[in-house]
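Worksheet for the structure shown next.
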Amino acid sequence: MVESSHTSGLWPQLYEPFRAAGQRFSDWLAPASEASTDDKAYRIAMELPRVDEADVELSVDSGVVSVKGEKKSSREQQGETWYFCERQYGAFQRSFRVPADADEADISADLKDGVLTITVPRKPPAETAAKTVKIKKG
């Protein structure tokens, strides 16, 4: 029996739109973020509109700052002849690798006006003192 060339590729063709839609949905749930730095700290700002502080978890492990949370928002409006309801639910997670000079022990975060700002202080540069090495005669 000869297999048709177009049927052997049927499953990937059927699967691909769903995979792409799943990625777009995941991207939609992932909060927009931006990173900045100065000589004292690294900062990460994430947009978390209508996300309660209790629904956000911030952790740091082995040089990676992770933010997990859940969006749970809804909005209803109605008039005399119309009704509108919009809901957004879903878990999100973002992770950021911090540079080697980050002070993981002193990370702080602030959630204000729908923006989570994570501040990662920089460690002061290590002082290296010059050392004189005595040369032995052989």
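Coordinate-derived values only; no laboratory data. The model shown is predicted, which means the values in this text are computed figures rather than measured ones. Positions of Cβ are generated from backbone atoms using ideal geometry, with glycine treated the same way; all protein chains shown enter the neighbour counts.
With both labels modelled 7 Å from their Cα along Cα-to-Cβ, the ALA91 to GLU70 distance reads 0.9 nm. Sorted fewest first by neighbouring Cβ atoms within 10 angstrom, VAL133, VAL51 come out as VAL133, VAL51. Directionally averaged projected area (segment 32-121, Cα convex hull): 6.7 nm².
Checking the cross-link pairs LYS68/LYS112; LYS71/LYS123; LYS40/LYS71; LYS71/LYS112 against a 24 Å limit on the alpha carbon distance flags LYS71/LYS123; LYS40/LYS71 as lying beyond it.
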